[in-house]
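K.L.:
Encoded as structure tokens, here's the structure I'll be asking about.
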Amino acid sequence: MMDKRYDAKAAEAKWYQTWEKNGFFHDDPDGREPYSVVIPPPNVTGILHMGHALNQTIQDILVRWRRMQGRNTLWLPGTDHAGIATQNVVEKALKKEGKRRQDLGREKFLERVWEWKRQYGGTIVHQQRMLGNSTDWQRERFTFDEGCSKAVAKVFTQLYDEGLVYKGNYIVNWCPRCGTALANDEVEHEENHGHLWYVRYPVVGSEKGAAGEPYKDYIMVATTRPETLPGDTAVAVNPKDERYAHLVGKTVILPLTGREIPVISDDYVEKEFGTGIVKITPAHDPNDFLVGKRHGLAEINIMTDDGHMNELAGAKYAGMDRFKCREALVADLEAEGYLDHIEDYDNQVGHCYRCHEVVESRLSKQWFVKMKPLAEPAIAAVRSGEVRFVPERWSKIYFNWMENIQDWCISRQLWWGHRIPAYYFGDGEVVVAETPELALEKAKAIDPNVMAADLQQDPDVLDTWFSSWLWPFSTLGWPEKTADLDYYYPTTDLVTAQDIIFFWVARMMMAGIHFMGKPPFRNIVIHGIVRDAQGRKMSKSLGNSLDPLELIDAYSADALRFSIALITSLDCDSKVSKEKFEIGRNFCTKIWNAARFMEMQSENAAALPAGEPYGNLTSDEKHILWACDKACRKVNEILESYRVQDGALAVYDFFWTEICDWYVEYVKDSPNKSVSLAILRDVFWKALRLLHPYMPFVTEEVAHQLGYLGEGETIMRSEFPRGYTDDEKAAWGLSQETYDFVNAKRAAVTAIRALRAEYKVPPSAFVKVTVATDDPKAETEAESLKKAMRAESVAFVPAGSDLAMPSKITDFGTVYLSLEGLVDKAAESKRIAGELAKLAGFIKSSEAKLANENFVAHAPEAVVAEARRKLAENKEKVAQLEKLAKLFA
RNA sequence: GGGCUAUUAGCUCAGUUGGUUAGAGCGCUUCCUUGACAUGGAAGAGGUCAGUGGUCCGAAUCCACUAUAGCCCACCA
């Protein structure tokens, strides 16, 4: 006996264990068509959030569906070592002990990180199991495991040998808190309410003025960053700016320092902005850096790597925090009469995407990847359609970025990450090799006397994304030639949110094509971001996050998954609130109760072999089989185009409306119960399998409870329903016509129920019903109509008959509710008048349409025919209603 | 500054190549507890599809402009 209530927690724990233990998530390469997906690896420091839940639910739906279709399926899980994020977490822990990473030293610190990973790194991996992910845990990978690390070293070396990796002294984004360089896209720009300081730079040779105005002749410079002033090596004007043409070539005095700097002209300067004169600080601004290169200016670095001023900023400011220095320096400028005035000014300021510290532009030696040569074939692969974005519009954004791609700064001044395989020796010689041994070989080729101990490995590590961009093939064994790599690469689908198209998707495209010769996936499926009910991004600081684990606890994983699928649109972001997950929970309950009904009825179900013709079927039986066939085809078709939401709707409607609301109600009073139940069993089993990708646990549990599956079997490897064959449909006498006939019958039932409600007939009361119709089939439905309408009797009279009783006109015929003296003539007359008015409107519009020659000539035949039919039908309805109206007048 | 997207019922959203009288869930109204299920059932109310103009026999759907909202990219100090 099934329990009255479904115990989701017990079922979910039990089935996940069973699936994993029996290896149901695992396939080995074979002769079948593969379907492979790699999971976007979450940070090893991460905890499961709604974004993961959305992303992974979509993937698991696709994966389970394909697996049930018989494809050899791989969904590869894993985590990302997340350089900065993880290092920050461990450093924070150290801080509590009053230590810094420098106190431990590199090796000890890395031991601590690995220790941390062993202890806490499994959190998210455990949480993913709660979702029901059918990921192949036997193939779980980590971006910092041995295999991935080999791949990283190999890739770096190869790119270096090809001249695509180079080291250069460039201005980079620098996070003073993390103490490392950041790539451009690791910087988040935020609106900042700041100021524009107007500072006077005296022209050399001008006379000293009165107090408060030290020099008579000066030029005025506007800046948002006064603290960088000690690093200025020029001021610049636009070459076309006539106001300042006379100044170019002259020299001005840098306030507070007394240093003399030239006035130069450069197109970069906007005449309209500020005063039209810019201070140039090549070591602390990316634009100024380029201007400096063009004009051969000195680069003066005035800051330390932790955001303090150094001695080059001047003795007074050395050691000062950069923002403290700004205040101090502005105060000094004012005191000395250099500050003209201050304006409020809003601009965008870059922040570290990890710790949110204000990013500093800073000159330093870093490693870069030349991206243009890698980007070109990656652009071509999408242009040619070899790789497809779903929805397609994301390709535009991809092209836009790829066509304006900048070189990628890949070195990070961290300890946690893949160490750069570059080795220095002798007098600035460098070799790059996959291992220290190979490096030594290369070094010996340059200088035979070099010993292993002479080689100094580059202290920096690589950007985390430098391992993630290899994920689709490094996880399959590359650079080894493995069977997995051969079979599962390229992967089929990549499912991810829009926010990592640049970080990750675009770079995987480049690496895949460059190292494997083929793009890493065929379809890139981009879904929206989960937002709160107000449309805000979910974040810890706002406290508006929903915790998927809490939702699973409250409603079950199936409920979470189904609700997410139902509210997800690939085209836009989804707003969610806790109540939305009740939909899934309620659906779960509905499935459970429908299953209980079947169990209770099971003794009535004769053992009819599935697939055999059932003999003479009633119209309701044909109807459910036809609806089931439609649902199966529809769901397959929908999932083929990744419309996970539409699939959920289709199966929800089929299960709830068709099976539960109508067919189960029919079965209760069916004249030949054993056949009706056998059909229900068949249809129910198909419905369970259609639902399984969305709600894996409850479907598995019910499938076993109802005996569809035996010990050791699983729904996740049973066949995904494709609908009935033409032979079956013919044998059972299914047709669109029968289907429509039953829909009409339902309309008649609904009409009587509405009349009962209007006339307040108690639900317990039996009524007399008369149906006016000429359809000879109608009479065969008398029994089922009686039950559904709760009628004492159903009589049939010819169409066009009119009785002085409340009635509604339906596709089935006109249904009359016999009330024997209870008829409210006035109310009925009013209702009829209302209906007539409505019909008059319809008739008018369809007459106008049919009178239009162009409509008849251009519209598809079916549409015109339908319009004609509808018009005739409405006219008939009007005639009938007018007769009735007289009776109630 | 450049690019993208959205605007449909009180709320959240569907609406597949333009084609009958625009749908769902939640919420709301009325009624219904010995019935598989009140986490349920039945019947309802509720929309000039943001606005204006255009193309077309026909527009929620295609085009243009306007309004509003949001996102992404970008070096205006």
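K.L.:
Do we have A:Leu755 as out of contact with any Lys or Arg (no Cβ under 9 Å at 6 or more places or on another chain) and touching a residue at least 24 places away in the same chain (Cβ under 8 Å) here?
P.N.:
no
K.L.:
Next question. Residues to consider are A:Ala799, A:Ala833; find the one that is over 48 Å from the mean Cα position of the chain (by Cα), at pLDDT below 85 and either of a type outside the set (Ser, Thr, Tyr) or under 16 Å from A:Tyr759 (Cβ atoms) (or both).
P.N.:
Going through A:Ala799, A:Ala833 in turn, just one is over 48 Å from the mean Cα position of the chain (by Cα), at pLDDT below 85 and either of a type outside the set (Ser, Thr, Tyr) or under 16 Å from A:Tyr759 (Cβ atoms) (or both): A:Ala833.
K.L.:
Shifting gears a bit: Would you call A:Thr143 buried (at least 17 other Cβ atoms within 10 Å of the Cβ), over 30 Å from A:Glu700 (Cα atoms), hydroxyl-bearing (Ser, Thr, Tyr) and touching a residue at least 24 places away in the same chain (Cβ under 8 Å)?
P.N.:
yes
K.L.:
How many of the residues making up segment A:469-486 are in a helix (DSSP H, G or I), in contact with a helix residue (DSSP H, G or I) (Cβ under 8 Å, 6 or more places away or on another chain), in contact (Cβ under 8 Å) with a residue 60 or more places away in the chain and of a type in the set (A, V, I, L, M, F, W, C)?
P.N.:
Here the count works out to 2.
K.L.:
Return the pair list, or none, for Cβ contacts closer than 7 Å from residues in segment A:621-644 that are over 27 Å from A:Ala678 (Cα atoms) to residues that are assigned to a helix (DSSP H, G or I) and within 13 Å of RNA strand B (Cβ to nearest atom), at least 6 apart or on different chains.
P.N.:
Close Cβ pairs satisfying both conditions: A:Ile638/A:Asp646; A:Ile638/A:Gly647; A:Ile638/A:Ala650; A:Leu639/A:Gly647; A:Val644/A:Ala565.
K.L.:
Could you list, in sequence order, the residues of segment A:426-449 that are more than 18 Å from A:Gln158 (Cβ to Cβ) and buried (at least 21 other Cβ atoms within 10 Å of the Cβ)?
P.N.:
Within segment A:426-449, just A:Ala443 meets the criteria.
K.L.:
Quick check on this structure: which one of A:Arg362, A:Arg326 is more than 39 Å from the chain's Cα centre (by Cα) and buried (at least 16 other Cβ atoms within 10 Å of the Cβ)?
P.N.:
So the residue among A:Arg362, A:Arg326 that is more than 39 Å from the chain's Cα centre (by Cα) and buried (at least 16 other Cβ atoms within 10 Å of the Cβ) is A:Arg326.
K.L.:
Against the definition (within 16 Å of RNA strand B (Cβ to nearest atom) and not basic (Lys, Arg)), how does A:Glu882 come out, yes or no?
P.N.:
No.
K.L.:
Right, another one. Just name the residue that is farthest from RNA strand B (Cβ to nearest atom) out of those in segment A:844-867 that are among the acidic types (Asp, Glu) and either farther than 22 Å from A:Val878 by Cα or without any contact (Cβ under 8 Å) to a residue 24 or more places away in the chain (or both).
P.N.:
A:Glu861
K.L.:
Which of the residues that make up segment A:235-281 are within 14 Å of RNA strand B (Cβ to nearest atom), closer than 13 Å to A:Tyr218 by Cα and of a type in the set (Ser, Thr, Tyr)?
P.N.:
Scanning segment A:235-281 gives A:Tyr244, A:Thr275.
K.L.:
Which residues, counting only those in segment A:624-651, are under 20 Å from A:Leu680 (Cα atoms) and more than 11 Å from RNA strand B (Cβ to nearest atom)?
P.N.:
Of everything in segment A:624-651, those that are under 20 Å from A:Leu680 (Cα atoms) and more than 11 Å from RNA strand B (Cβ to nearest atom) turn out to be A:Ile624, A:Leu625, A:Trp626, A:Ala627, A:Cys628, A:Asp629, A:Lys630, A:Ala631, A:Cys632, A:Arg633, A:Val635, A:Val651.
K.L.:
Further question: Among the helices (runs of 4 or more DSSP H) lying completely within segment A:487-605, list those that include at least 1 residues that are without any contact (Cβ under 8 Å) to a residue 12 or more places away in the chain.
P.N.:
Correct list: A:548-555, A:581-601.
K.L.:
Out of everything in segment A:822-835 that is surrounded by 14 or more Cβ atoms within 10 Å (Cβ to Cβ) and within 13 Å of RNA strand B (Cβ to nearest atom), what residue ends up being farthest from A:Ala799 (Cα to Cα)?
P.N.:
This residue is A:Arg831.
K.L.:
Right, another one. Which number in (1) modelled with pLDDT under 95; (2) touching a helix residue (DSSP H, G or I) at 6+ places or on another chain (Cβ under 6 Å) marks the one condition that A:Tyr201 misses?
P.N.:
Condition (2) is where A:Tyr201 drops out.
K.L.:
Now a separate question. Tell me, which residue of segment A:455-482 that is among the acidic types (Asp, Glu) and surrounded by 15 or more Cβ atoms within 10 Å (Cβ to Cβ) is nearest to A:His81 (Cα to Cα)?
P.N.:
A:Asp463
A quick yes/no check of all residues on (1) out of contact with any His (no Cβ under 7 Å at 6 or more places or on another chain); (2) more than 16 Å from RNA strand B (Cβ to nearest atom); (3) assigned to a helix (DSSP H, G or I):
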residue: A:Gly615; (1), (2), (3): yes, yes, no
residue: A:Thr657; (1), (2), (3): yes, no, yes
residue: A:Phe684; (1), (2), (3): yes, no, yes
residue: A:Ala687; (1), (2), (3): yes, no, yes
residue: A:Met716; (1), (2), (3): no, yes, yes
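K.L.:
If I filter segment A:813-821 for residues that are within 15 Å of RNA strand B (Cβ to nearest atom), within 28 Å of A:Thr738 (Cβ to Cβ), of a type in the set (Ser, Thr, Tyr) and in contact with a helix residue (DSSP H, G or I) (Cβ under 9 Å, 6 or more places away or on another chain), do I get at least one hit?
P.N.:
The answer is yes, given that some residue of segment A:813-821 is within 15 Å of RNA strand B (Cβ to nearest atom), within 28 Å of A:Thr738 (Cβ to Cβ), of a type in the set (Ser, Thr, Tyr) and in contact with a helix residue (DSSP H, G or I) (Cβ under 9 Å, 6 or more places away or on another chain).
K.L.:
Now a separate question. Name every residue in segment A:255-283 that is surrounded by fewer than 19 Cβ atoms within 10 Å (Cβ to Cβ) and assigned to a strand (DSSP E or B), in order of residue number.
P.N.:
A:Glu260, A:Pro262, A:Ser265
K.L.:
Identify all residues within segment A:486-510 that are at pLDDT 90 or above and in contact with a Ser or Thr (Cβ under 9 Å, 6 or more places away or on another chain); write none if there are none.
P.N.:
Result: A:Tyr487, A:Tyr488, A:Tyr489, A:Pro490, A:Thr491, A:Thr492, A:Asp493, A:Trp504, A:Val505, A:Arg507, A:Met508.
K.L.:
Here are some residues: A:Ala298, A:Ala283, A:Ala234. Which one is out of contact with any Pro (no Cβ under 8 Å at 6 or more places or on another chain), over 22 Å from A:His195 (Cβ atoms) and touching a residue at least 60 places away in the same chain (Cβ under 8 Å)?
P.N.:
Exactly one residue qualifies, and that residue is A:Ala283.
The values are calculated or read from the model by the stated rules, or taken from the named source; none is laboratory data. Remember, it's a predicted structure, so these values are computed and weren't measured experimentally. In this analysis, Cβ positions are derived from the backbone assuming ideal geometry, glycine residues included, and neighbour counts consider all displayed protein chains.
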